[in-house]
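The values are calculated or read from the model by the stated rules, or taken from the named source; none is laboratory data. Worth saying up front: this structure is predicted, and the values here are computed from it rather than measured. Note that we place each Cβ from the backbone using ideal geometry, even for glycine, and neighbour counts take in every protein chain shown.
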Amino acid sequence: MTEKGRAEQLKRQILELTREYYAEAFGERAAFVPGESRVAYGGRVFDERELVNLVDSSLEFWLTFGRYSKQFESGLAEYIGVKHALLVNSGSSANLLAFAALTSAKLGDRRIRRGDEVITVAAGFPTTIAPIVQFGAVPVFVDVTLGTYNIDVDQLETAFSSRTKAVMLAHTLGNPFDIDAVRGFCDRHGLWLVEDNCDALGGDYHGRKTGSFGDIGTSSFYPPHHMTMGEGGAVYTSDDVLAGILLSMRDWGRDCWCPSGRDNSCGKRFSQQHGTLPFGYDHKYVYSEFGFNLKVSDMQAAVGVAQLEKMPAFVEARRANYRTLTDALAPVADALVLPVPTEGADPSWFGFLMTVREGAGVTRDEIVGALERAKVQTRMLFAGNMLRQPVFTEMRESGEGYRLIGELTNTDRIMNDAFWIGVYPGMTLEMLEYMARVIVGAVRSAG
């Protein structure tokens with residue numbers, strides 16, 4: 001047997017042992033014991049396929065962007081229904097990269113410059129807002145609606161000004177915002193739309209996948225999200241110009257598009273003029289943007305390839321879990337505002353968000369306390385009202401650096417009275433029914 005043949009034989013044995021290892025180490029799930037077992041709001045759901053891919057990639061020892069990364073990017077683009085998808089190292093980096101691309105000089109008059117305005121909401125995760133501030137633009141905060149927990153689209157025209165260049169919004173906990181209204185508003189005024197799809201991957205809006213409506217969409221693959229690589233994220237677009245900018249900025253800002261480990265794909269590496277560099281300067285070291293290094297390892301992508309195959313099943317499980325909780329909590333709907341899908345949407349739910357109604361006779365803290373004592377993990381809607389976070393103290397006191405539309409009344413309601421529990425695919429019917437019993441019990445005992 002040749003050395004190569006021997007290596008392949010050993011590899012097959014290692015991968016078969018990996019399958020056996022999964023069965024021994026992870027195959028049996030501990031029985032759920034109400035009140036004793038912890039019910040997490042989210043977590044990784046995997047089987048032997050993720051481990052086999054991970055080990056397979058590690059045996060190649062190609063530690064940076066490689067064959068699994070390419071396979072994942074093409075698979076994700078096809079799944080969402082866009083032309084281009086690029087892997088990055090987190091959902092936060094995806095938002096950073098998406099916004100950075102819109103500041104490129106290649107976009108001419110449409111580029112976002114310091115002082116330009118970007119419409120967003122304060123009820124959500126900070127890294128949807130952070131890039132706006134970090135690049136010197138001005139966030140314009142609009143309130144949200146209860147129930148859908150997304151932007152109040154009736155305020156969009158009021159928020160618009162001559163400095164408005166973009167809208168950057170997340171689909172709250174998987175529930176799509178009113179895409180028809182937001183996309184229509186952007187089209188009327190020639191604005192960019194950055195669609196933060198980090199909590200909504202797999203959702204549908206009028207039969208089309210969320211993430212495909214924005215000029216740029218973003219995803220996160222942190223463990224509690226719809227699929228995971230441990231760390232990781234993605235940006236995607238169907239715009240060829242934006243795709244080129246995104247690729248350059250992800251990979252240090254370089255002008256060359258040769259993949260890692262390859263040289264001179266264009267055949268003109270040493271025969272071009274770039275700026276005022278010497279003629280024929282090595283194209284691999286020509287930079288047309290100020291960029292980053294936001295790539296992931298191929299081992300992470302290997303896990304993602306296996307996860308992506310399971311997305312349809314993951315999404316259906318989240319939808320089924322949402323329906324179970326909606327039915328089980330119907331008896332206390334007079335005390336809690338339960339989440340409702342945006343019209344025309346079939347969400348891929350990330351969480352089940354509830355707001356305690358005024359005069360309900362029970363507080364958010366009482367319900368959350370009961371759940372946590374019962375070992376049910378809870379979460380607030382991330383930052384609540386971002387403007388009230390310590391990071392905004394200086395801007396709030398100076399009154400500079402942002403613009404506010406109205407009083408953000410519902411945003412404050414959510415900050416004070418809302419909480420959510422999980423619907424991830426690792427939950428069993430017994431867990432869902434247990435969570436609902438605890439909530440119903442907390443509401444009724446307080447009333």
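Data overview
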| quantity | calculated |
| --- | --- |
| Considering residues of region 49-75 that are surrounded by 19 or more Cβ atoms within 10 Å (Cβ to Cβ) and touching an Asp or Glu at 6+ places or on another chain (Cβ under 8 Å) only, the residue nearest to Q13 (Cα to Cα) | S57 |
| Residue in region 346-353 that is in a loop (DSSP other than H, G, I, E, B), in contact with a strand residue (DSSP E or B) (Cβ under 6 Å, 6 or more places away or on another chain) and either surrounded by 20 or more Cβ atoms within 10 Å (Cβ to Cβ) or in contact (Cβ under 8 Å) with a residue 40 or more places away in the chain (or both) present | yes |
| Residue satisfying condition, being touching a residue at least 24 places away in the same chain (Cβ under 8 Å), under 22 Å from the mean Cα position of the chain (by Cα) and closer than 30 Å to V423 by Cα, within set L169, L191 | L169 |
| Top-ranked residue in region 270-329 [being in a helix (DSSP H, G or I) and polar (S, T, N, Q); ranked as surrounded by the fewest Cβ atoms within 10 Å (Cβ to Cβ)] | T326 |
| Options R388, R396: the member that is surrounded by fewer than 19 Cβ atoms within 10 Å (Cβ to Cβ), in contact with a Leu (Cβ under 8 Å, 6 or more places away or on another chain) and either over 21 Å from A333 (Cβ atoms) or in contact (Cβ under 8 Å) with a residue 60 or more places away in the chain (or both) | R396 |
| Whichever residue in region 1-40 is within 34 Å of the chain's Cα centre (by Cα) and among the small types (G, A, S) and, among such residues, is nearest to Y424 (Cα to Cα) | A40 |
| Qualifying residue in region 433-447 (condition: in contact (Cβ under 8 Å) with a residue 60 or more places away in the chain and outside any helix (DSSP H, G or I)) | yes |
| Hits in region 399-424 (condition: over 20 Å from N150 (Cα atoms) and buried (at least 20 other Cβ atoms within 10 Å of the Cβ)) | Y424 |
| Options L156, L193; residue that is crowded, with 22+ Cβ neighbours inside 10 Å and not in a loop (DSSP other than H, G, I, E, B) | L156 |
| Some residue of region 137-150 being in a helix (DSSP H, G or I) and in contact (Cβ under 8 Å) with a residue 12 or more places away in the chain | no |
| Yes/no for A101 being under 21 Å from L387 (Cβ atoms) and under 21 Å from the mean Cα position of the chain (by Cα) | no |
| Pairs with Cβ under 8 Å, 6+ apart, first in region 414-432 and assigned to a helix (DSSP H, G or I), second among the basic types (K, R) | M415/R388; N416/R364; D417/R364 |
| Residue in region 287-295 that is in contact (Cβ under 8 Å) with a residue 12 or more places away in the chain and within 24 Å of Y79 (Cβ to Cβ) present | yes |
| Residue in region 358-375 that is over 21 Å from the mean Cα position of the chain (by Cα), at pLDDT 95 or above, among the polar types (S, T, N, Q) and within 30 Å of R38 (Cα to Cα) present | yes |
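Residues are listed down the side, and each one gets a yes or a no for (1) modelled with pLDDT of 95 or more; (2) closer than 18 Å to W192 by Cα; (3) among the small types (G, A, S):
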| site | (1), (2), (3) |
| --- | --- |
| G115 | yes, yes, yes |
| P131 | yes, yes, no |
| D143 | yes, no, no |
| I151 | yes, yes, no |
| E157 | yes, yes, no |
